[in-house]
Amino acid sequence: MDHFRLLSFGDHGWGDELLIGLGVTLALAICTLPFAIILSFLVHWAKVSRYRILRSFGMLYTTVFKSLPEILTLLILYYQAQAIIGWLIQSVIPGAHFSISPFVAGMISLSLVISAYGSEVVRAALGAVGNGQFEAAQSLGLSPRIAFIKVILPQLWRHALPGFGNLWIILLKDTSLVSVIALSELTHVAGLAITTTRQPFVFYGLIAVIYVLLVTLSATAQKRLERRVNLGFTRTET
Amino acid sequence: MFDLYLDYIDRWSHGLWLTASMSTLSVLIGFLVALPIGFVRSRAKGPLAWLAIAYVNLFRGMPLLVLMFLVYYGFGQFSSELRAMGLWWFFRDAYFCGMLALILNTSAYQAEIIRGSLNTISTSVIETNAALNLTRWTAFRRVLLPIAFAKALPPLGNEYILMVKATSLLAIITVFDLMGEARTIFSETLDLGVYYVAAIHYLVLVLAIEWTLRRVEARFKWMA
């Protein structure tokens, strides 16, 4: 029953630390998702923009962030942002120190990576809704902004759900990469626990199971949501 | 930035070679592992199908980084048992462990791709096989498998690119792939440009693979 003592709460066990790590993992994923979704729309609009410079920027954005390993994006962002902001602060207040928190760095880089894929989900979903809806809304005298919010967005949800659901699962698993810049999320806490207890199989096995459970839970929730939003539509349409 | 590349050109090319070869090898071996699993997923029912579902959900559900840690560090906990079984040479080596983790991960994803493409083959093809009196094995080998492969090619190509990116995680378990070389050069020079050089490497590698895949896909398009 040694393993139970390892995972107990309190001073001797790692149960409470792991629970906090799980909280950080979930917090990171949940905080990143809205930014990633908003960025996906922005990148998509840049790619279909009237202006050539915005279109090329959108293309470059997706190419770069889909080609670079997430961990490289994370490291570059973490160190570069630190260097730039640190330099800016130094020039205003000499001698001041600045460090970007790993949580924020993780949030930014994960949003960048996920939105590169998300822009394609948005494109497909908008295509599925069809341009006719937008034209009809405009012919009724709705402004483009209102037409988007009141007409397109409610219909978009149904088509974007599978894509964004998959991205959520990818995001959930990618949070483990932020352990590399020492954010104390689940994977990092397990690493800490192992350095003192020397039980790598127990701890990595345990967090692997936790991740699998989280993903399974997400997939089940996604399937239920999909069934719900598709009520009243025939199956062939989705 | 140029001198960062030229000064360490041997290490960069070694890293590039390792990244390209390990990702290619793991995708190919992963495909062989995924083929029966995907087939079972698309056809069989009962215990075998449950086993396939468990395999796919397990290795798709955990982050690759955790899987690598589990294989490399986790099995290290049983070093004396593994020594007794004569498997220690395998689990001692970060390269083998990394490969194993990559293969487990990609085969789970590829199995789902194969299942999807097998499921979309229309029933008329299967009826035609019966009408031509092909045995099940011949039908599978000469008709269903080629069609499924052609259909699966675009998603398999995506998986290949994802694997090229995923090999960068090997650096964390001390393999000197592109990312691993970048990390050591960075620790020597403390110059952020190192990571940009690595980024350009990945960009060029991925774009080259994408270009090749598009040409291969074009050749198989008539079958899909």
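To the nearest hundred square angstrom, how large is the accessible surface buried between B and A, total for both chains, probe 1.4 angstrom?
Buried: approximately 2800 Å² between A and B.
Would you mind listing how long the stretch A:77-206 runs along its three principal axes, going by Cα atoms, in whole Å with the largest first?
The Cα atoms of the stretch A:77-206 stretch 66, 49, 18 Å along the principal axes, largest first.
Enter the Cα centre distance for the pair the stretch B:41-117 and the stretch A:159-238, rounded to the nearest angstrom.
After rounding, the separation between the Cα centres reads 18 Å.
Against the empirical 2.2 N^0.38 Å scaling, what ratio does the C-alpha Rg of the protein assembly as shown come to?
1.06
Compute the separation of the alpha-carbon centres of the stretch A:1-74 and the stretch B:134-181 and state it in Å as a whole number.
Computed from Cα coordinates, the inter-centre distance equals 25 Å.
Carbon and sulfur: what percent of chain A's accessible surface (1.4 Å probe)?
Ligands and nucleic acids excluded, carbon and sulfur give 67 percent.
If r is the Cβ-Cβ distance from A:PHE233 to A:ILE38 and R0 is 30 Å, what FRET efficiency results, to the nearest 0.05?
0.70
Which residue, A:THR32, A:THR73, A:THR195, tops the fluctuation ranking in a GNM of chain A built on C-alpha contacts under 10 Å?
A:THR195
Take B:THR174 and B:PHE220, extend 7 Å from each Cα along the Cα→Cβ direction, and tell me the distance between the two endpoints in nm.
Each label point is offset 7 Å from its Cα along the Cβ direction, giving 3.9 nm.
Would you list, by chain and number, the lysines whose Cα falls below 30 Å from the Cα of B:LYS45, excluding same-chain residues fewer than 8 positions away?
Qualifying lysines at Cα under 30 Å: A:LYS173, A:LYS223, B:LYS151.
What is the Cα coordinate range of the stretch A:2-237 on the first, second and third principal axes, sorted by size from largest, in whole angstrom?
69, 54, 27 Å, listed from the longest principal axis down.
Across the stretch B:35-143, how large is the tail of the calculated P(r) beyond 20 Å, expressed as a percent of all Cα pairs?
56 percent
Over chain A, what relative contact order in percent results from Cα pairs under 8 Å that are six or more residues apart?
25 percent
Treating only the Cβ atoms of Lys and Arg (+1) and Asp and Glu (-1) as charged, compute the dipole magnitude of the stretch A:2-237 about its Cα centre; round to the nearest 20 debye.
980 debye
Cβ under 11 Å from A:THR62's Cβ, A:THR62 left aside: what net charge do those residues give with Lys, Arg +1 and Asp, Glu -1?
+2
Determine the relative contact order of chain B: mean sequence separation of Cα pairs under 8 Å and six or more apart, normalised by residue count, in whole percent.
31 percent
Can you list the residues of the stretch B:141-175 whose accessible area drops by at least 10 Å² going from the chain on its own to the full set of protein chains, with a 1.4 Å probe?
So the qualifying set is B:LEU162, B:LYS165, B:SER168, B:LEU169, B:ILE172.
With n ≥ 4 as the cut-off for DSSP H runs, can you work out [θ] at 222 nm for chain B, using -39500 (n - 2.57) per run divided by the number of residues, rounded to the nearest 500?
So the calculated ellipticity at 222 nm is -25000 deg cm²/dmol.
Over the stretch A:1-103, what is the mean sequence separation of C-alpha contacts under 8 Å (at least six apart), divided by residue count, expressed as relative contact order in percent?
Here the relative contact order equals 11 percent.
Residues in the stretch A:7-49, backbone N under 20 Å from the label point at A:PHE201 (7 Å along the Cα-to-beta-carbon vector): list them, ranges by number please.
Those under the cut-off are A:7-8, A:14.
If each DSSP helix of 4+ residues adds -39,500 (n - 2.57) and the sum is divided by the residues in chain A, what number results at 222 nm, nearest 500 deg cm²/dmol?
Value at 222 nm, helices only: -25500 deg cm²/dmol.
Rg and Dmax of chain B, using alpha carbons, in Å: what are they?
Looking at chain B, its Cα Rg and Dmax stand at 20.6, 69 Å.
Computed on alpha carbon atoms, what radius of gyration and Dmax characterise the stretch B:65-127, expressed in Å?
Final numbers for Rg and Dmax: 18.0, 56 Å.
The values are calculated or read from the model by the stated rules, or taken from the named source; none is laboratory data. Predicted, not measured: the structure shown is a model, and the values here were computed from it. Positions of Cβ are generated from backbone atoms using ideal geometry, with glycine treated the same way; all protein chains shown enter the neighbour counts. Calculation scope for accessible area: heavy atoms of the full protein, side chains included, ligands and nucleic acids excluded. Shrake-Rupley method; radii C 1.70, N 1.55, O 1.52, S 1.80 Å.
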